[in-house]
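The values are calculated or read from the model by the stated rules, or taken from the named source; none is laboratory data. Because the structure is predicted, anything quoted here is derived from the model rather than measured. Every residue, glycine as well, gets a Cβ built from its backbone with ideal geometry; the counts of neighbours run over all protein chains shown.
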Amino acid sequence: MTNAVEKVIAGDVRTVARLIRDIDDGVPGVRETLKALYPHTGHAYVIGITGAPGVGKSTLVDQMVARLRKAEKTVGVLAVDPTSPFTGGAILGDRIRMQRHSLDEGVFIRSLATRGHFGGLTQSTRSAIDVLDAMGKDYILVETVGVGQDEVDVVKSAQTTIIIVIPGMGDDIQAIKAGILEVGDIFVINKADREGADKTLNELRQMTEMGQQKYKEGKWTPPILKVEAVFDRGVVELLDAIEKHRAYLMESGGDQHLLRRTLRIREELAEMVKDRLVQEVLDQLIEGGDFERAVEAILAGEMDPYTASDNLVLSKLGRKR
Amino acid sequence: MVKERKLRVMVAKAGLDGHDRGARIIARAFRDAGFEVVYTGLHQTPESVVQAAIQEDVDMVGMSSLAGAHRYLFPEVVRLLREKGGEDIDIVVCGGGIIPDEDVPKLKEAGIAEIFGPGSKLDDIVNWVREHVKPRVA
């Protein structure tokens, strides 16, 4: 255990790789390692990248990695792909666009599947971020398909969140508006050589301006950048925008940074309490047989599930109705 | 609450051979079998395959070759896995594609667990994986 902690901090690739798998698989004991690693986190800058399938997230991440490496920064990449709800399997293909970095020791790329367990993605991705942070990576790029609350939560835990669209998505921008427009710090119109890029730019501009009052901090206007990731056009400008956002978070003594961090910790802690609580109570109920007894009672028509769930929960929390 | 570990496999294409239809079909079959499948894409080197396999903590690497370079590429992946991954590395390497029968014994001798030639059935391959590749325990 302590051995693993030391190895992660020393940057041992295999230990990190195995630890992330253990987190994903919910291996008992992993929590203790994470506890020991936590004091070594907080140095990496986390960037969330989200957008619909096919907008070029992986290609853009690949170019960003190349640029960051030129600036001699180390980079961790977490690429999240969906698990098939029917078979439980997943094809994780984000590496295809990034394989040129696989021999670079300053880059660690890991593909994650959503797996579909509730709250699981958010928690395990955040833990994986902590591991790469403790490993000493300067930047951590987290790429998700931005569909569903879990994935929005993942990108929300980044310091800078980038939302990618492509020209001609039309009503899809409307869909983005509901839910994740609010979390975008920077907007990228990728494949900007395609027809309709300016129209998309205008639509996005209108939307971000209308959405202004939603930004609590108010002072940051999300820039909208035209990028052609495949040709490495606009990538430097994107990294500049990220640095500007980072500077903004840190200005006047890091007020915004602290505000975000507080919000983030509050949200994460609430979620972790919720997860632990549910797991603990369910485990106890199942082990004690109460759960099965309630199932049988409902089957036999002796009790309704509403009363049963009230009784089960309150019996464990020690409060009587 | 101990969840069951999920099998993670990698489907890899090394060398100049650009025929990836087979690799894609295999990747899909593995996904449908419930595995998590990391696909590397074309034109990898044995080094990049091995580095990716270690970073992704997969239980198996499935190599595809249709252009005759398997005699070098497959054993090289096995050798590098042992070199980079340490003595206790337990990643199974298997391969498939256009591979002459007379090459199979040599490949197995070099540490490739199984070879699936032309006409192999997807079900047979998936079943072989289920039987011979288990998610890492420790």
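Residue-level check: of (1) in contact with a Ser or Thr (Cβ under 8 Å, 6 or more places away or on another chain); (2) within 30 Å of A:V183 (Cβ to Cβ); (3) without any contact (Cβ under 8 Å) to a residue 40 or more places away in the chain, A:D290 misses just (2). Within the stretch A:230-250, the set of residues being crowded, with 16+ Cβ neighbours inside 10 Å and not in a helix (DSSP H, G or I) comprises A:G234 only. With respect to the conditions (1) more than 10 Å from every other protein chain (Cβ to nearest Cβ); (2) farther than 17 Å from B:G96 by Cβ; (3) touching a helix residue (DSSP H, G or I) at 6+ places or on another chain (Cβ under 8 Å), B:I25 falls short on a single one, namely (2). Total residues in the stretch B:14-27 satisfying the condition of being in a helix (DSSP H, G or I), closer than 15 Å to A:G93 by Cβ and in contact with a strand residue (DSSP E or B) (Cβ under 7 Å, 6 or more places away or on another chain): the figure is 3.
The strands (runs of 3 or more DSSP E) found entirely in the stretch A:35-122 that carry 3 or more residues being crowded, with 22+ Cβ neighbours inside 10 Å and within 14 Å of chain B (Cβ to nearest Cβ) are A:75-81, A:90-92, A:107-113. Answer with yes or no whether B:D32 is crowded, with 17+ Cβ neighbours inside 10 Å, farther than 30 Å from A:L285 by Cα, acidic (D, E) and more than 13 Å from every other protein chain (Cβ to nearest Cβ). For B:D32, the condition - crowded, with 17+ Cβ neighbours inside 10 Å, farther than 30 Å from A:L285 by Cα, acidic (D, E) and more than 13 Å from every other protein chain (Cβ to nearest Cβ) - is not met.
For residues in the stretch B:60-79 being of a type in the set (A, V, I, L, M) and under 12 Å from B:P46 (Cα atoms), which is surrounded by the most Cβ atoms within 10 Å (Cβ to Cβ)? Break it down into steps so the answer makes sense when it comes.
Just the residues of the stretch B:60-79 that are of a type in the set (A, V, I, L, M), to begin with: B:60-61, B:63, B:66-67, B:69, B:73, B:77-78.
Adding the requirement that they be under 12 Å from B:P46 (Cα atoms) leaves B:61, B:63, B:69, B:73, B:77-78.
Numbers: B:V61: 26, B:M63: 29, B:A69: 15, B:L73: 23, B:V77: 27, B:V78: 23.
Selected residue: B:M63.
Assess whether B:F74 counts as being at pLDDT 95 or above, within 9 Å of another protein chain (Cβ to nearest Cβ) and outside any loop (DSSP other than H, G, I, E, B). Spelling it out, it is not the case that B:F74 is at pLDDT 95 or above, within 9 Å of another protein chain (Cβ to nearest Cβ) and outside any loop (DSSP other than H, G, I, E, B). Considering only the stretch B:113-126, I want to know if a residue exists there that is on the phi > 0 side of the Ramachandran plot and of a type outside the set (S, T, N, Q). There is at least one residue in the stretch B:113-126 that is on the phi > 0 side of the Ramachandran plot and of a type outside the set (S, T, N, Q). Could you check, for the stretch B:40-55, whether at least one of its residues is in contact with a Pro (Cβ under 8 Å, 6 or more places away or on another chain), facing another protein chain (nearest Cβ under 10 Å) and either outside any loop (DSSP other than H, G, I, E, B) or closer than 27 Å to B:P100 by Cα (or both)? No, every residue in the stretch B:40-55 fails to be in contact with a Pro (Cβ under 8 Å, 6 or more places away or on another chain), facing another protein chain (nearest Cβ under 10 Å) and either outside any loop (DSSP other than H, G, I, E, B) or closer than 27 Å to B:P100 by Cα (or both). Filtering the stretch A:277-291 to residues that are surrounded by 12 or more Cβ atoms within 10 Å (Cβ to Cβ), under 17 Å from A:P28 (Cβ atoms) and of a type in the set (D, E, K, R) leaves A:E280, A:D283. Residues that are assigned to a loop (DSSP other than H, G, I, E, B) and either surrounded by fewer than 18 Cβ atoms within 10 Å (Cβ to Cβ) or away from chain B (no Cβ under 14 Å) (or both) within the stretch A:1-26 comprise A:M1, A:A10, A:G11, A:D12, listed in sequence order. Does the stretch A:58-65 contain any residue that is closer than 20 Å to A:L103 by Cα, within 16 Å of the chain's Cα centre (by Cα) and of a type outside the set (V, I, T)? Among the residues of the stretch A:58-65, at least one is closer than 20 Å to A:L103 by Cα, within 16 Å of the chain's Cα centre (by Cα) and of a type outside the set (V, I, T), which makes the answer yes.
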